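Have a look at the structure below before the remarks.
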Ligand code: ADP
Ligand code: MG
């Protein structure tokens, strides 16, 4: 790739290049809407329909952009982005339907309605790097339903706030766009309704309702559609009909569209808009969530205790809530002060412990090596420099802690005697009492091991 003298030309070359390297859908969705509005000798100005297009471009093609365009002092491609002014209302007003095929107005049958959880609002949602992207996409949609991405597809693990965000959009739209009809539905519920209406021979009514009367459709947990072939087509058709009318759809799932066992057609539909990942909140975000939830319950949790809990409950926000509920009950009923000790006792079963059975010394060595940035062979060897000796002791300490074997057996796997192991265990036990940094690193190793054994 050579640098074109003319940056305008570089842009067309870049587009040609991307066209060859991505799917036609992705190109149509993300690259085609970008307009080059200005070009000078060393920079171009690109007009993007919204901030997501810019983020998409930079997160997927930064390296390539650097190859095609001049690079500034901090190594960024020299591109100015401007957001296009919103296009006049076009998208939000559905095309008028000729009278002859206009549906008879039906009213939402009661059963179709899944009510929104009143607590799931944007104001109660704590933001952090792991969920910011999803939150801002949802927020954008809540303000201008049907005008940015449809569908928005949110995926991520259990208890990370997908439903919370979904309902938040519903609340916001109902409040600020009262004319728009919002329907929130779990996939299970949709299937049940469909089965019922097939039985009552009212299936046309249901179809009509979903396809013609809804402006914002929120579908929770689409993964339940897997292996339910008969219903997939119905949902596909509904989604398609709504997308064609430029209505807003938001879908949640525990996996990305490509990993769902669904038809290619439905997968393609779901990828059409914006696919956004809801990640596991980082330690600081977990602490903020804990403190917020505690405050809502009138519970005062010291900062160090919040950290302590957040370090031990790390992959599910719902469990953090559970921890707060439990602590609140304990401290009220038993009138106990919240101390690390009390927390340890109250929450012991909730704390995520590694799987004991399957762990091997090799796994421990591997994980220690990666967290402490040393080589596995050095850990197995007998170098006594501090950089190696400490992680080696950590590995021995963890082996004693996590593997249910005699010290002799374990010692043998390290090529050491059982008293060396005993010494290592004591030494690390003492050090992590005093040294927070070391304790966190040891915790991290344990977590890695737990994750790889799970
Ligand atoms: P999911 O649908 O991803 O399984 P939920 O939306 O049901 O998860 O969230 C589980 C619980 O955690 C809910 O009570 C929700 O309010 C809470 N929660 C999740 N993420 C956050 C957050 N970032 N801030 C505040 N509460 C959160
Ligand atoms: Mg959910």
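The values are calculated or read from the model by the stated rules, or taken from the named source; none is laboratory data. Just so you know, these numbers come straight off a predicted model, no measurement behind them. Counting neighbours? That spans all protein chains shown, and the Cβs are built from the backbone with ideal geometry, glycine included.
Values for this structure:
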| quantity | calculated |
| --- | --- |
| Test: residue in segment 132-151 that is touching a helix residue (DSSP H, G or I) at 6+ places or on another chain (Cβ under 7 Å), closer than 26 Å to residue 241 by Cβ and within 9 Å of ligand 1 (Cβ to nearest atom) | no |
| Unmet requirement for residue 73, which otherwise passes all of (1) at pLDDT below 85; (2) closer than 24 Å to residue 271 by Cα | (2) |
| Given (1) farther than 12 Å from residue 364 by Cβ; (2) touching a residue at least 12 places away in the same chain (Cβ under 8 Å); (3) in contact with a helix residue (DSSP H, G or I) (Cβ under 6 Å, 6 or more places away or on another chain), number of the condition residue 410 does not satisfy | (1) |
| Among the candidates 242, 262, 266, 218, residue that is within 16 Å of ligand 1 (Cβ to nearest atom), modelled with pLDDT of 90 or more and surrounded by 15 or more Cβ atoms within 10 Å (Cβ to Cβ) | 218 |
| Answer residue from segment 304-337, given it is free of Cβ contacts under 8 Å to residues at least 24 places away in the same chain and assigned to a helix (DSSP H, G or I) and is surrounded by the fewest Cβ atoms within 10 Å (Cβ to Cβ) among those | 333 |
| Segment 424-436: number of residues that are surrounded by 14 or more Cβ atoms within 10 Å (Cβ to Cβ) and under 15 Å from residue 312 (Cβ atoms) | 1 |
| Filter result (within 15 Å of residue 17 (Cβ to Cβ) and either buried (at least 17 other Cβ atoms within 10 Å of the Cβ) or within 25 Å of the chain's Cα centre (by Cα) (or both)) within segment 45-65 | 57, 60, 61, 62, 63, 65 |
| Test result for residue 439, within 24 Å of residue 351 (Cα to Cα), surrounded by fewer than 16 Cβ atoms within 10 Å (Cβ to Cβ) and at pLDDT 90 or above | yes |
| Some residue of segment 161-178 being modelled with pLDDT of 95 or more and on the phi > 0 side of the Ramachandran plot | yes |
| Residue within segment 374-388 that is in a loop (DSSP other than H, G, I, E, B) and closer than 22 Å to residue 452 by Cβ present | yes |
| Exclusive hit being touching a residue at least 24 places away in the same chain (Cβ under 8 Å) and farther than 30 Å from residue 325 by Cα, set 399, 389 | 399 |
| First in segment 210-227 and farther than 23 Å from residue 140 by Cα, second anywhere and part of a strand (DSSP E or B) and away from ligand 1 (no atom under 16 Å from the Cβ), Cβ under 8 Å, 6 or more apart | 210/183; 210/217 |
